[in-house]
Amino acid sequence: MKIPNGHEVIQLFEQFAPKELAMEGDKIGLLVGSLNQPVKNVLVALDVVENVVDEAIDKDAQLIISHHPLIYHPLKTIRTEESYGRIISKLLKHDIAVYAAHTNLDVTFGGVNDLLAEKLGLQETEVLVPTYEMPLKKLVVYAPQESADNIREALGNAGAGFIGNYSHCTFSSQGTGRFLPGENTNPYIGSIGELEAVAEERVETIFPQNLERKVLKAMLQVHPYEEPAYDIYPLDMKGQVYGLGRIGYLSKEVTLEEFAAFVKEALDVTGVRVVGNLSDTIKRVAILGGDGGKYYKTAIRKGADVFITGDMYYHTAIDAKLDGLHIIDPGHNVEKVMKRGVAKKMTELCREKKFQVNFIPSLVHTDPFLFL
């Protein structure tokens, strides 16, 4: 097992929640500190407040991965007698880096909104608000015929060749490769200074743009040639659609009152605000973690019976009610579901890479609101 540095941990995390999925202008990425140091412990938190930093110090964490950015608005001063100054001072004094994954973690599959939908038992889920379409590329690589199967397997295992529910999709054609090994080469086939002709296969596959480095690395690791020949082409075709929120179905119809009580329990909150007739029945559910009130019309267009989101504004709630949409507002803090979800996902990814690092869900409750 290897103790990774911060860069290696974040490279894995960004395979899960690519930065390009974030909404324009979002304050994501490394916000405080350095990723150059070895990382043994990572604290996963919703918010970076002072007692979360104290928790990170107590847990000997070298990195905090948070959902909400510590620095969202530019700081004009960093004064240690003030809250943000104290937080930043503690982080720097104890060499703790802070990395924020905000809307990219909302949007990615397996992220905040999928975790919330899973908590509610939603079925046949789909993206509520499309925001990004991952570009696709094609890889063409030439290899001796006896190595083609190994290359196809490595490409598929790295995430290339996915078309719908099919994986490891490739196409091959056979031909003759010719090359002349020059001085200071170590050819797998042939001799220096002699033109060689080899029976080769041309292996083609597609991959999402964010996996390019991983796919190329996998191919190069198993390719026998000292200098493999390959091409990469951008494709003008529809890739995976990502977006905010999810919409799906309950396993059975329930009343709004029954469902609101279930949401309160499932999302572990002390209260919810409800808009609509409590005796109305609910089947199709839209959910969007955080502040999603402005997307209520999208929920209506997609046939939702109820829209679950936080920070619902008074006048927006009135408009939604007039339009016949039920609302359940469990607050913004339900996004805390990401703490255990991210810790579990990153533990799995690091185990695959044989990285020795602990991911610790923060136990600090950061919701500023109390229900009396």
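The values are calculated or read from the model by the stated rules, or taken from the named source; none is laboratory data. Keep in mind that this is a model prediction, so the values were computed, not measured. When we count neighbours, we look across all protein chains shown, and the Cβ atoms used for this are built from the backbone with ideal geometry, even at glycine. Keep in mind that these areas ignore ligands, DNA and RNA; they rest on the heavy atoms of the full protein, side chains included. Shrake-Rupley method; radii C 1.70, N 1.55, O 1.52, S 1.80 Å.
Of note:
- Candidate set from the range 157-203 (those that are charged (D, E, K, R) and open to solvent by less than 90 Å² (accessible area, probe 1.4 Å)); member that is modelled with the lowest pLDDT: Glu196
Residue by residue, here is whether (1) polar (S, T, N, Q); (2) surrounded by fewer than 21 Cβ atoms within 10 Å (Cβ to Cβ); (3) touching a Phe, Trp or Tyr at 6+ places or on another chain (Cβ under 6 Å); (4) at positive phi holds:
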| site | (1), (2), (3), (4) |
| --- | --- |
| Val222 | no, yes, no, no |
| Phe259 | no, no, no, no |
| Thr270 | yes, yes, yes, no |
| Arg301 | no, yes, no, no |
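- Among the residues making up the range 315-333, a single one is in contact (Cβ under 8 Å) with a residue 40 or more places away in the chain and either within 30 Å of Lys40 (Cβ to Cβ) or loosely packed, with under 14 Cβ neighbours inside 10 Å (or both): Asn333.
- Subset of the range 174-232 [within 21 Å of Glu8 (Cβ to Cβ) and among the hydrophobic types (A, V, I, L, M, F, W, C)]: Leu211, Val215, Leu216, Ala218, Met219, Leu220
- Checking each residue in the range 56-109 for being farther than 19 Å from Lys339 by Cβ and outside any loop (DSSP other than H, G, I, E, B) picks out Ser83, Tyr84, Gly85, Arg86, Ile88, Ser89, Lys90, Leu92, Lys93.
- Complete set of residues in the range 26-50 that are closer than 21 Å to Tyr84 by Cα, of a type outside the set (Ser, Thr, Tyr), open to solvent by 50 Å² or more (accessible area, probe 1.4 Å) and assigned to a loop (DSSP other than H, G, I, E, B): Lys27, Val49
- Pair list, Cβ < 8 Å and 6+ apart or interchain, from the range 254-265 residues that are over 14 Å from Gly276 (Cβ atoms) and free of Cβ contacts under 8 Å to residues at least 60 places away in the same chain to residues that are open to solvent by less than 90 Å² (accessible area, probe 1.4 Å) and among the charged types (D, E, K, R): none
- Within the range 346-370, the residues that satisfy the criterion of being crowded, with 21+ Cβ neighbours inside 10 Å and not aliphatic (A, V, I, L, M) are Cys350, Phe359, Ser362.
- The set of residues in the range 316-343 being in a helix (DSSP H, G or I) and either acidic (Asp, Glu) or closer than 15 Å to Leu116 by Cβ (or both) consists of Asp319, His332, Asn333, Val334, Glu335, Lys336, Val337, Met338, Lys339, Arg340, Gly341, Val342.
- Number of the exception - Thr205 against (1) more than 29 Å from the chain's Cα centre (by Cα); (2) under 30 Å from Leu21 (Cβ atoms): (1)
- Residue within the range 256-271 that is over 30 Å from His365 (Cα atoms) and modelled with pLDDT of 95 or more present: no
- Test: Lys339 is closer than 20 Å to Ser66 by Cα and among the charged types (D, E, K, R): yes
- Only residues that are in contact with a strand residue (DSSP E or B) (Cβ under 6 Å, 6 or more places away or on another chain), hydrophobic (A, V, I, L, M, F, W, C) and part of a helix (DSSP H, G or I) were counted across the range 254-300, and they come to 5.
- Some residue of the range 116-132 being open to solvent by less than 10 Å² (accessible area, probe 1.4 Å), touching a helix residue (DSSP H, G or I) at 6+ places or on another chain (Cβ under 7 Å) and over 29 Å from Thr309 (Cα atoms): no
Listed here are the residues, each with its yes/no results for (1) of a type in the set (D, E, K, R); (2) over 30 Å from Leu139 (Cα atoms); (3) assigned to a helix (DSSP H, G or I); (4) open to solvent by 10 Å² or more (accessible area, probe 1.4 Å).
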position: Thr205; (1), (2), (3), (4): no, no, no, no
position: Leu211; (1), (2), (3), (4): no, no, yes, yes
position: Lys214; (1), (2), (3), (4): yes, no, yes, yes
position: Asp236; (1), (2), (3), (4): yes, no, no, yes
position: Ile247; (1), (2), (3), (4): no, yes, no, no
position: Lys252; (1), (2), (3), (4): yes, yes, no, yes
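- Extreme residue, nearest to Tyr242 (Cα to Cα), among residues of the range 272-299 that are hydroxyl-bearing (Ser, Thr, Tyr) and open to solvent by 60 Å² or more (accessible area, probe 1.4 Å): Thr281
- Val53 falls short on exactly one of the conditions (1) in contact with a Leu (Cβ under 9 Å, 6 or more places away or on another chain); (2) closer than 30 Å to Arg246 by Cβ; (3) part of a helix (DSSP H, G or I), and that condition is (2).
- Every listed requirement among (1) open to solvent by less than 60 Å² (accessible area, probe 1.4 Å); (2) within 25 Å of Ala101 (Cβ to Cβ); (3) not in a loop (DSSP other than H, G, I, E, B) is met by Met312 save one, (3).
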